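Nothing in this text is a laboratory measurement; each read-out follows from the coordinates by a stated rule. Predicted model only: the values in this text are computed from it and were never measured. Cβ sites come from the backbone with ideal geometry, for glycine too, and all protein chains shown count toward neighbours.
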């Protein structure tokens, strides 16, 4: 290809990418750079104190903060449970709806519908479902399933049940997104691979293990990465359903950043939390990608 044509294509590529790059710079790079700069100060909104550089003092306070560590632990537990469970549920639904099932288009729409709903609406709906006492829908359903042996619980105000309750809400709301991605991946697996495996005498489990899973490797890695990032961004459900309680059992890092910035007006501390949290999520994401690449190489 002539050099002139290459320069023309490169110029066209930069021109077409310019709006997206500008948006990334204005709404991601610039705010993050501002957060990094503020994290080295003592800025507190509405305070008469003069703005001063305090170095790494805000980071030391954040890392020593028991509430921040508890919130980070809640995030890690939430991600460790929700990512594999939601992915497994989505894979099961995708396999079920990929087969010959009467009315599967209706089922696909029904499972995907919660993804369309705003998270605030989903959270309010599940607050009603988790209503305490024997009259609450979830308590009543569990009592029926256990033939009356279930003791009614106040899910959202019990430290042992609050975070699992939010996990169930998040899995229900997000499983449809993963299901659609995996359905698209299933439709991209060549049919002749299944036919060749069947001719070789492979059963259903063998075909799933040696044909379906390798064919879904990239969609599974993509959905796991996206779900992990969304799990660390958990905020709406916590803010509406429990406000971080009871006793910090459901507090997340994003919720703590919100509290520091908008409730306690500690802008510098919130900025330091943002930077620390960004580095942690980046490290987890890179580790997850490295593990996925290792499995791809090993397979």
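Okay, here's what the table says:
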read-out	value
Whole-angstrom gap from the stretch 51-110 to the stretch 1-38, using each part's C-alpha centre	30
Fluctuation leader among 287, 216, 186 - the chain, Gaussian network, Cα springs under 10 angstrom	287
GNM top mover of 123, 270, 141 - the chain, alpha-carbon springs below 10 Å	141
The stretch 246-274-the stretch 132-202 distance, computed between alpha-carbon centres (Å)	30
Percentage relative contact order, the stretch 215-299, counting C-alpha pairs under 8 Å, at least six apart	28
Fewest-first sequence of 27, 32 by Cβ atoms within 10 Å of each Cβ	27, 32
Order of 205, 161 - criterion: other Cβ atoms within 10 Å of each residue's Cβ, fewest first	205, 161
Sorted by Cβ density within 10 Å, fewest first, the residues 280, 166, 257	280, 257, 166
Global geometry of the stretch 36-120, whether rounded, prolate or oblate, following the gyration tensor of its Cα atoms and the 1.5 cut on a/c	prolate
